[in-house]
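Data first, discussion second: the structure below is written as C-alpha cells.
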Amino acid sequence: MTAFTATPEAIPVTTEDHCQLELRRHTGTKGHRPVLLVHGASAASATFRIGERQTLVDYLLAQGFEVWTLDWRAGMRRAQDLYCGNRSTDFTIDAAARYDVPAAIKRISELGSEKKIAIVGHCMGGGIVSQGIARGHIANAQVESVVLSGLGLFYKGAIDNMLKAEDQVLEEILANGQALLHPMRRWDPSVCTQDPRDGPWDPLMEEPYSVWLRMPLRHDCNNHLCHRLSYMFGMPFLPDKIPSIHRDHLPSQFGYIPMKFFLHCSQNLRRGYAAPFGSMKRPDPAYLNRAAFQQFNLTLITGDLNSLWHRDSIDTMYEWLRRGRTSEQPRGLRKHVIRDYGHQDLLWGTGAPEDVFPHILAGLS
C-alpha cells in the first residue's frame, strides 16, 4: 500500500527574474526548525509526499521539523506554465541556482521563520543547491545544514547517457524549436493551448531509442514508462524497491523537463562538473569554489546501484571537499553510500524509513 502526505495549498513565490514558483508549508510543526525539500528536474515536490511505507515529509514532521517543499522552474508543475507565460524564460541550471532556492529561502523568512533553514536537495535539486552555495547565492547566514542526495557539483553518469550527450542530439532538437520534453508525449506547438497527446518523440530521439530498446537492458522492468525514463535519464529506481509505486503511480511522478535545462545537464555530464551553460572551457573557480562550503554542515547520500547519477558523482564531491586542512573542509562533512539502493528509491523504497531517512535526519540535525 502506497503512503501519501496531503498536498498543502501553494504559496506563490516570484523570483528576481519573474518566474512564479510554488512553495508549500506542511501543517503540524509551525515554529519548529524549518527544512526545505528541493526535488529533481522533470519531477515535482510530490516526490517527497509519496513512499512505499512512509513519506520523507511525514518522517521529518514526526521528528519535529517545519517542512517546506518547493516546485521550481525545471519541475513538471512549473515548466510548461513558465514557458507558455514567457518563452524567453531562462531554464538553465545557472538561473535555477541563482534565483529559485534563494527566493524560497527569502519567502520562508518573510512568513515568520526566524531560525536557520536546513535544505535537502535531491537529484538536480542537489545540483542547483550545491551550485547556489558555490556561487554565493545561498549563504550560511540563512542556511546551516544541507543534505545532497544523488548529486552535487560533479556529474557522472551511465555510458549510454554519455553517448547521448556526445552525440549532441539535444542541441539539435532545441535548435529545431522544441522547448519541453516529456517522457511519454510528443512535442506539439499547441502545448500552451491544449493538452498534448501521448506519442513518439522527435525522430532524432525516437529512432535511436528504438535501437536502444533492442539491446539488453540492465533491469527487468516491463513498464513502458520505465524504458522511456531509463533512456532519457538512466534508470531512476530499482523496481523491486518500490512495487506499489511502480505498479500504480509512476505517471504522476514524472513530466515535462525544459530542453535547455536538459541540455545543460548533458553539457555538465560531458565535462564531469558544473560550469556555465554553453561553456566548454576549463573549470570556472567560481563554480567549483570549495571555500564556499566551509561553514555548512554537509551530508552526501547516494545508492551504490544508482544508474541515473552514478555514485562517482557523490564520491568525487566528497573527496573534493576533503582536500586540504580540516579547517578548510565543511564543518560536518559526511558521506553515506546506501547498499542495494538506486536513486529514487532512496526516497520511496520500502526500507527507506530505516535505511535512508535516519541519515537525512542526522545531516539536518
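Details
- The value of relative contact order for the range 3-364, using C-alpha pairs under 8 Å at least six residues apart, is 21 percent.
- Principal-axis tilt of helix 224-233 within the chain, Cα atoms, nearest 10 degrees: 70
- Sparse-neighbour loop sites [trypsin sites (Lys or Arg not before Pro); the range 258-365; at most 14 other C-beta within 10 Å; DSSP]: Lys281, Arg322, Arg323, Arg325, Arg339
- Taking the fewest neighbouring Cβ atoms within 10 Å as the starting point, the ordered list for Cys221, Cys192, Cys123, Cys19 is Cys192, Cys221, Cys19, Cys123.
- Tail fraction, Cα-Cα pairs, the range 190-338, threshold 23 Å, whole percent: 54
- Put simply, the amide H of Val143, placed in the peptide plane, has neighbours under 5 Å in Ile117, leaving out anything fewer than 5 places away on its chain.
- Listed by Cβ neighbour count within 10 Å, with the fewest neighbours leading, Met1, Met124 appear as Met1, Met124.
- Residues Tyr99, Tyr273 in ascending order of nearby Cβ atoms (within 10 Å, fewest first): Tyr273, Tyr99.
- When both the range 74-131 and the range 9-43 are represented by their alpha-carbon centers, they are found 8 Å apart.
- Once the Cα atoms are used to define both axes, helix 101-110 deviates from the longest principal axis of the chain by about 40 degrees.
- Reduced Cα scattering model of the range 1-90, Debye log10 I(q)/I(0), q = 0.12, 0.16, 0.22, 0.25 Å⁻¹: -0.39, -0.65, -1.05, -1.23
- Here the 3J(HN,Hα) profile of the range 69-76, calculated from phi with Karplus coefficients 6.51, -1.76 and 1.60 at θ = phi - 60°, is 10, 10, 9, 9, 5, 9, x, 5 Hz, Gly and Pro shown as x.
- Where only DSSP H runs of four or more residues are counted, the chain gives -9000 deg cm²/dmol as its mean residue ellipticity at 222 nm, each run worth -39500 (n - 2.57).
- Think of it this way: in the chain, Cys19, Cys123, Cys265 stand alone, with no other Cys Cβ under 4.7 Å.
- Spherically averaged projected area of the chain from its Cα convex hull (nm²): 16.7
- 27 Å Cα-Cα threshold exceeded, pairs from Lys30/Lys106; Lys156/Lys335; Lys30/Lys260; Lys116/Lys335; Lys156/Lys260; Lys115/Lys335: Lys30/Lys260
- Amide hydrogen neighbours beyond the local backbone of Leu180, cut-off 5 Å, H modeled: Met259
- Residue separation of His224 and Asn176 scaled by 0.36 nm, minus their Cα-Cα distance, works out to 14.6 nm of gained length.
- The chain - share of DSSP beta bridges that are antiparallel (%, nearest 5): 40
- The string of couplings for the range 312-325 from the Karplus curve (6.51, -1.76, 1.60, θ = phi - 60°) is 4, 4, 7, 4, 5, 4, 5, 5, 4, 6, 7, 5, x, 5 Hz, one whole number per residue in order, with x for Gly and Pro.
Values in this text are rule-based calculations from the coordinates and carry no lab data. Quick caveat, the model's predicted, so the values are computed rather than measured. No Cβ is skipped: glycine too gets one built from the backbone with ideal geometry, and neighbour counts run over all protein chains shown.
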